[in-house]
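Everything below concerns the one structure shown next.
The values are calculated or read from the model by the stated rules, or taken from the named source; none is laboratory data. All figures in this text were calculated on a predicted structure; none of them were measured in a lab. Reconstructed Cβ throughout: ideal geometry from the backbone, glycine too, with neighbour counts over all protein chains shown. We work out accessible area using only protein heavy atoms, side chains counted, and drop any ligands, DNA or RNA first. Shrake-Rupley method; radii C 1.70, N 1.55, O 1.52, S 1.80 Å.
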Amino acid sequence: MDQGHPDHQLKRIVLPSGKTIEVVYFEHPAAAPPALESAAPSAAPSAAAPTAEPRVGKRDLHICMDCDSNLVYPVQWEEADESHWHITLRCPNCEITEEGVFGQDQCDGFDDELERGTDALTRDYKRLMTANLAEEIDRFAKALEVDGILPSDF
């Protein structure tokens with residue numbers, strides 16, 4: 001933390017994209033109440049999205065507490081203090097949402113898992129695009145062979 005002014009503090013955070021942001025704290029984080037390590041349920045669960053019951057202790061954030069799906073993703077997040085994040089999680093399988101404050105180590109593991117998922121999706125997308133393009137090329141070549149494409153088609 002930078003100690004630039006007596007009434008607030010600045011913290012610079014470098015995002016994975018390389019962009020740097022500044023977070024302004026108007027109250028010293030040590031004065032804030034201690035953050036919870038375990039997940040806390042939403043204060044007002046909506047009828048459309050049920051809220052999961054919290055489990056005690058640290059856990060993998062990408063695993064759903066209700067259905068054990070490994071597809072849980074963050075919907076919203078903000079820094080709670082220097083070493084904790086307030087995150088809203090959602091499971092696409094059972095529609096459970098969970099809101100809680102999680103430690104930096106737990107969030108780092110979650111970020112690593114999200115990166116692995118992004119890499120897997122990117123690989124699958126590239127394979128699918130390559131297969132689709134190859135199929136289109138084959139169809140176009142066959143249409144040319146049988147004179148199925150005429151100048152008026154363009």
Open item on the list: With a cap of 14 neighbouring Cβ atoms within 10 Å, and only residues DSSP puts in a loop, list the GluC sites (Glu not before Pro) found in the stretch 84-116.
Closed with: 95
Open item on the list: For the full complex of protein chains and a 1.4 angstrom probe, list 147, 153 by accessible area with the highest value first.
Closed with: 147, 153
TODO: Quickly rank 63-74, 81-92, 116-127 as a protection proxy: mean count of other C-beta atoms within 10 Å, highest first.
DONE: 81-92, 63-74, 116-127
- [ ] For residue 139 and residue 152, calculate 0.36 nm times their separation in residues minus their Cα-Cα distance, and state this gained length in nm to one decimal.
- [x] 2.8 nm
